[in-house]
Amino acid sequence: MDRSKRLINKIGSFVIFMGPSLIAFSCVLLIPFLYGFYLTFTDYSPISITYDLVGLSNYKEVFSDKEFWGQFFKTLRYVFYSTVFCNLLAFILAYLLTSNIRGRNFLRGGFFTPNLIGGIVLGYIWKFIFANVVTQLGSITGYEALTTSFLTHPERAIVAMIIVTVWQYAGYLMLIYIAGFVGIPKDIQEASEIDGATGITKLVRITIPLMVPSFIICLFIMISRGFMTYDLNLALTNGQPYGSTRLLSMHIYQKAFQANEYGIGQAEAIVLFVTVAIAAVSQVLLTKRFEVEA
Amino acid sequence: MKRRLSTIILVAIAITLVLTACTPGTTGSTKTNGEVDSTASSSKSPVKITYFNTSAEVNTMFEDMFKRYNEIYPDVVIELIPTGIGEGQQEKLQSLYASGNAPTFMNVDPANVIEYEDHLLEFTTENAPWLSLASDGAVDGGTFGGKVLGAPWSVQGYGLLYNKRVVDEVFGEGNFDPATINTRDALQKFFEKIEAAGVPATMLHGANWSIGGHYLTLSYAVQGPATSDGTGFIDKIKAGTAKIEDSPIFQGYMDTLDLLAKHNYNKADPLVADFNKDIQAFAEGKCATFFMGDWAWTSLVTLENIDEEYGFIPVPWSNNPGDYGNTEVVMVLPKFQCINKSQNTPEQQQAALDALGWMLSEPEGQQFFIDAGFFMPYKNVRDDVVYNSMTTSISEYAQKGKTINLGCFSYISGDAWTETGNLMLKYLVGAIDRDELAKGINDYWQSVK
């Protein structure tokens, strides 16, 4: 009697606390994901009245889609550089802004602001900067490389995307790093200073090891977001010049909705999902090994 | 341990509950996509129909038109589903269909008409008698696989636009006759004369829809005056029995593209493709010609201190003045109105047919299109309308029968102009040569099913 009452209580509190978010999660994420996975085995199209199961042929198409793999490696490169530079910059900013710089709260706010602007707006702003401001600067200074837009050359367009990504996320990651810096116990710092550690030594031996949790979070954020970049890609380059800057998400979107190859697009999305999962999980596991207890 | 087990069971139960609650909805939509029976609406309540519009620049025109229609026929309410330029129009339409809410009307590109063929109501002389008022050839444009599925409502054209003031300054007032540009050599001489006067001769808009969708398509369309000439050529490339590089027309158009690129106002950085910037430069007379269509007018009129007199020159592809395409400009029916039969009741379909008839053939309906500056391909349109200079130029070519039939454009699938257009842009900046371009185009067509 008592046991079953307790069970009912438990179910009740579970439904109250977990129910709403579980339903939302299932409806917008879990079910579409599973249904989408099922669609990869069909030749579905919203236009045709019926569709058939086609087995694994969509996946076969994915592996023979040269364009997809070209963009795959381009995306890897984009993710790598934006992760590295963004974290580097964020770390340096956080380091400087936790020391006693004048007006550091204002500066923190300033560096964080880009993150409050949506990717689409940001893309259009930077498109204007690259196309008009930078080229003007080029013609004023006479510096040849700047006279043509960054966005009309395949390699430089990727560089432009990395620049904007770094600009957008550095402030956000900076906040996480600042929290990391502030969270380092004072006694350990003082102990190291008494032992004679200064500047670089203190940073490398004390600060960085104790900040591994911040690194894990920041790397994870950049890797997972980098792979799924779409809004910035759309607004800044829209795949131009000549389709060379279509990152994976955009390629998948175009495959599904513009080439009307839903099954293939969805199969490519699954490949992207697996890639992101592998990259993110292995990154977390790897960096976790560097974690130390204070 | 026990606790954990019970949590897992609970989660499993909750998930299955949610799953079972949702599954009927998702599987249902795939099966009930067929015809809908008419159980809805009693005769008293007004018929509500929806209109999906992809001509984003005239959303307000349609709104006004539907308001007026409702004043005359209070028992029909037409609801506009507007879309914006670059707003994912295809995706929106697809989601409407996938969710079983297909719009009663849709105003779409010809390629969409083919895609949605199975869902569309066929226009016949019985249900749409007003279609007999359409100009010759206009109905053919809306005929797909032998069935009239789309009702045309506007005509657009493209070619080499020229700024009359700039050209007159070089040649002297009234001395330039666009009909003299009927060979590539003549075009070259024309360009050289303009450049000698210190004005860049032409401008290419470095976007794949212009260089790919419009320019490259010429080399299919000019294969012959019939739509089947163009589609037949594409079919041969698809089957591998023809190579695009073996066509003298393709080679000719590429030679002309080289010439245009040589005199391109955007030569220093050809792929910037900022439409407003290009329009402004052309309207201010910074270059003499522009490969574009009469839709440029809509963007152009919003600018200040610009020239207003323009005309079209053909884009010659050979040095033989008699070749098809050298003295013609492209005339195209860019949008069609279609009625859905698969997800709308017969009453709704009938209401849509009546409304469409009013829009396209009654003077009051037509007036809305005329006021918006459209040239309607219907015989009973009032003939005292003054159009803008670009549309006038196109209609002059049309009256002389000097137009290129771009019918094959309708059969070009969704991503053709992006994919082949990207190759064209690569060629334009010299990243690939013509052989690689031709190979890329052949490969693209062969990859399309």
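The values are calculated or read from the model by the stated rules, or taken from the named source; none is laboratory data. Just so you know, these numbers come straight off a predicted model, no measurement behind them. Counting neighbours? That spans all protein chains shown, and the Cβs are built from the backbone with ideal geometry, glycine included. We work out accessible area using only protein heavy atoms, side chains counted, and drop any ligands, DNA or RNA first. Shrake-Rupley method; radii C 1.70, N 1.55, O 1.52, S 1.80 Å.
Quick rundown of the values:
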quantity: For A:Thr75, solvent-accessible area (1.4 Å; no DNA, RNA or ligand), Å²; calculated: 0 Å²
quantity: For the range A:13-31 versus the range A:56-80, the gap between their alpha-carbon centres in whole angstrom; calculated: 34 Å
quantity: In degrees, nearest ten, helix B:184-196 long axis to first principal axis of chain B (Cα); calculated: 70 degrees
quantity: Calculated [θ] (222 nm, deg cm²/dmol) that DSSP helices of n ≥ 4 give over the protein assembly as shown, each run adding -39,500 (n - 2.57); calculated: -16500 deg cm²/dmol
quantity: Accessible surface of the range B:201-264 [probe 1.4 Å, protein heavy atoms]: carbon and sulfur percent; calculated: 53 percent
quantity: 3J(HN,Hα) from dihedral phi, the range B:165-180, Karplus parametrisation 6.51/-1.76/1.60, rounded to Hz, x for glycine, proline; calculated: 5, 4, 5, 5, 5, 7, 8, x, 3, x, 7, 9, 10, x, 5, 6
quantity: Highest-fluctuation residue, B:Ser361, B:Ser45, B:Ser99 considered, GNM on chain B with Cα pairs under 10 Å; calculated: B:Ser45
quantity: Estimated FRET transfer efficiency when R0 is 22 angstrom, pair A:Ile92-A:Val159 (beta carbons, to 0.05); calculated: 0.65
quantity: Listed peptides A:173-182, A:11-20 by packing density, highest first (mean Cβ within 10 Å); calculated: A:173-182, A:11-20
quantity: Approximate spin-label separation B:Gln446-B:Lys286, in nm, with each point projected 7 Å along Cα-to-Cβ; calculated: 4.3 nm
quantity: Per-residue ³J(HN,Hα) for the range A:40-53, Karplus 6.51 cos²θ - 1.76 cosθ + 1.60, θ = phi - 60°, Hz, x for Gly and Pro; calculated: 5, 9, 10, 9, 4, 8, x, 7, 6, 7, 10, 9, 10, 6
quantity: For the range B:223-318, size of Cβ-based charge dipole, Lys and Arg +1, Asp and Glu -1, in debye; calculated: 400 debye
quantity: At 1.567 mPa s and 4 °C, Stokes diffusion of chain B via Kirkwood alpha-carbon radius, µm² per second; calculated: 54 µm²/s
quantity: Cross-link partners of B:Lys189 among lysines (Cα-Cα below 16 Å; sequence separation of 8 or more within a chain); calculated: B:Lys262
quantity: With Cα atoms, 0 to 90° folded angle of helix B:227-239 axis to chain B main axis; calculated: 80 degrees
quantity: Other-chain or far-sequence residues with amide H under 5 Å of B:Tyr310's (modelled H); calculated: B:Lys164, B:Ser389, B:Met390
quantity: 3J(HN,Hα) from dihedral phi, the range B:69-78, Karplus parametrisation 6.51/-1.76/1.60, rounded to Hz, x for glycine, proline; calculated: 4, 5, 5, 6, 10, x, 8, 10, 10, 9
quantity: GNM result for chain B, Cα springs below 10 Å: residue of B:Arg165, B:Arg434, B:Arg382 fluctuating most strongly; calculated: B:Arg382
quantity: Positive-pole candidate from B:His205, B:Phe171, B:Phe191, dipole of the range B:127-260, charges at beta carbon; calculated: B:His205
quantity: Cα-centred dipole magnitude for chain A, charges only on beta-carbon of K, R (+1) and D, E (-1), debye, nearest 20; calculated: 580 debye
quantity: Degrees, to the nearest 10: B:434-447 long Cα axis against longest axis of chain B; calculated: 20 degrees
quantity: Contact surface A-B: accessible area buried, both sides summed, square angstrom, 1.4 angstrom probe; calculated: 3000 Å²
quantity: Of the DSSP H helices in chain A, those whose Cα atoms cover at least 18 Å axially and whose Kyte score averages 0.0 or more; calculated: A:2-25, A:66-98, A:154-182, A:212-227, A:262-288
quantity: Placed amide H near B:Ala134: partners under 5 Å, 5+ positions off or other chain; calculated: B:Lys379
quantity: Residue order for A:Cys86, A:Cys27 - accessible surface, 1.4 angstrom probe, largest first; calculated: A:Cys27, A:Cys86
quantity: Options A:Leu22, A:Val271, A:Val84, ranked by Cα towards positive dipole end of chain A, top entry (Cβ charges); calculated: A:Leu22
quantity: Surface per residue (accessible, 1.4 Å probe) for the protein assembly as shown, Å²; calculated: 48 Å²
quantity: Averaged over A:236-242, number of beta-carbon atoms from partner chains that fall within 10 Å; calculated: 6
quantity: Probe 1.4 Å - accessible area at A:Ser282, Å² to nearest ten; calculated: 50 Å²
quantity: Inter-probe distance in nm under a simple model that places probes 7 Å from Cα toward Cβ, at A:Met18 and B:Lys262; calculated: 7.4 nm
quantity: Solvent accessible area, Å² - A:Ser26, 1.4 Å probe, full protein context; calculated: 0 Å²
quantity: Long-range HN-HN contacts of B:His263 with modeled amide H, under 5 Å; calculated: none
quantity: Counted charge near B:Thr392, where neighbours are those whose Cβ lies closer than 11 Å (Asp, Glu -1; Lys, Arg +1); calculated: -3
quantity: Nearby aspartates and glutamates by direct alpha-carbon distance to A:Lys202 (threshold 15 angstrom, same-chain neighbours under 8 apart not counted); calculated: A:Asp187, A:Glu190, A:Glu193
quantity: Carbon plus sulfur fraction of accessible area for the range A:57-288, probe 1.4 Å, in percent; calculated: 69 percent
quantity: Too-long pairs where the Cα-Cα distance tops 19 Å, listed order kept, from B:Lys92/B:Lys238; B:Lys164/B:Lys193; B:Lys164/B:Lys267; B:Lys335/B:Lys400; calculated: B:Lys92/B:Lys238; B:Lys164/B:Lys267; B:Lys335/B:Lys400
quantity: Most mobile listed residue (A:Glu268, A:Glu155, A:Glu144) in chain A, GNM with C-alpha springs under 10 Å; calculated: A:Glu144
quantity: Assigned charges on the beta-carbon of Lys, Arg, Asp, Glu; the protein assembly as shown dipole about Cα centre (debye); calculated: 3940 debye
